Amino acid sequence: MKTLAELQAIKNRMKDKVVLRDGLEGIRVVVGMATCGIAAGARPVLNALVQGVNEENLEGKVSVTQTGCIGICQFEPVVEVFEPGKEKTTYVKMTPEKAKRVIDEHLKGGKVVAEYTIGAAQA
Amino acid sequence: MKELSLNILDIAENSVKAGAGLTQILIDEKDQVLTLSIIDDGCGMEPEVVRSVVDPFYTTRTTRKVGMGVPLLKLACEQADGKLTIESVTAKQDPEHHGTKVEATFHTDHIDFTPLGDVVSSITTLIQGHPDTDFLFRHTKDGKEVSVDTRQLRQILEDVPLSSWDVIQWIDSFLREQYDDFNTVT
């Protein structure tokens, strides 16, 4: 059984760890979590991103956060990637599987997965 | 929405947006009736706004700030023979005790009852996205209970964020283990 003592141990392990905070230089991954996003399947996409970023040890470099309606409800679930000094990337109609590829190729590899972007969806 | 847990996530997001310090998500099941209450201490809504969030096609002005979240929950409960009520007190009306309570009932034996789905995932998603606000989740049924209160966890964690991956995983397992027990028929 999970116990509060276990949570205490997690705290002791983590208290000295540097945690990426908003505003620091780093990649920001933002998932639309308004009614439109949630209804279209944003929850598993967000969870896949949070899990993947941590499994790949990217948490010092990449933050995953939630936002409201981005205004392109027909393209939900929408994931935006903000990188310092680069143009924003907007991924549309995301799935947990697509999220895994974005982690591997974009967040780790630095290469935008062009076929999942809004540009490709509208072409 | 395919799962009631997605409506819960959606409605609770409204509470966070209303500036809630504590959002309570309470589910009680008794005699085939499920009661869902989402109670926050946020800024509250004027009566006119309460009316407009329930009926998306009611309007007193040409622009609205409200969306389809509450109407979708209303649809889900009414198709399962239930009822949706909203009570709200604005900070202007009562600076001490303000906030909003959304309550929805469902007949779980109704053919159009939307299954609860992965409610644990909705709770961890809320905590991950809003680590600086508190959530109390409690699901009760036949004397059994599943619950988590981030205020209690925060006391242990001190300045370690609730959104830390290890913490989120701990909360996920903590709730799922409680549900294993909860769902065992005795």
Seminar exercise, completed: All conditions in (1) within 12 Å of chain B (Cβ to nearest Cβ); (2) surrounded by 20 or more Cβ atoms within 10 Å (Cβ to Cβ); (3) not in a helix (DSSP H, G or I) are true of residue A:49 except (3)
Seminar exercise, completed: In region B:164-186, anything under 13 Å from residue A:7 (Cα atoms) and not in a helix (DSSP H, G or I) is listed as B:164
Problem set entry | Among the residues listed as A:71, A:119, the single one being over 28 Å from residue B:160 (Cβ atoms) and part of a loop (DSSP other than H, G, I, E, B) | A:71
Exercise. Only one residue in A:1, A:33, A:14 is at pLDDT 90 or above and not acidic (Asp, Glu). Which one?
Worked result: A:33
Problem set entry | Residues of region B:153-186 classified as in contact with a Pro (Cβ under 7 Å, 6 or more places away or on another chain) and either crowded, with 19+ Cβ neighbours inside 10 Å or more than 21 Å from residue A:59 (Cβ to Cβ) (or both), total | 2
Problem set entry | Meets criteria (acidic (Asp, Glu), more than 9 Å from chain A (Cβ to nearest Cβ) and surrounded by fewer than 16 Cβ atoms within 10 Å (Cβ to Cβ)) for residue B:132 | yes
Exercise. Hey, any hits in region B:105-120 for a residue that's among the β-branched types (Val, Ile, Thr), in a loop (DSSP other than H, G, I, E, B) and over 26 Å from residue A:68 (Cα atoms)?
Worked result: yes
Seminar exercise, completed: Here the residues within region B:93-123 that are among the β-branched types (Val, Ile, Thr), touching a residue at least 12 places away in the same chain (Cβ under 8 Å) and surrounded by fewer than 23 Cβ atoms within 10 Å (Cβ to Cβ) are B:105, B:108, B:114, B:119, B:120
Exercise. Which residues, taken from region B:140-182, are touching a strand residue (DSSP E or B) at 6+ places or on another chain (Cβ under 6 Å), among the polar types (S, T, N, Q) and either at the interface with another protein chain (Cβ under 9 Å from one of its Cβ atoms) or under 15 Å from residue B:120 (Cβ atoms) (or both)?
Worked result: B:147, B:150, B:178
Exercise. Hey, among the residues in region B:73-83 that are of a type in the set (A, V, I, L, M) and buried (at least 19 other Cβ atoms within 10 Å of the Cβ), which one's farthest from residue B:32 (Cα to Cα)?
Worked result: B:73
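The values are calculated or read from the model by the stated rules, or taken from the named source; none is laboratory data. As the structure is a prediction and not an experimental result, all values here were calculated from the model. Because the Cβ atoms are built from the backbone with ideal geometry, glycine has one as well, and the counts that use them run over all protein chains shown.
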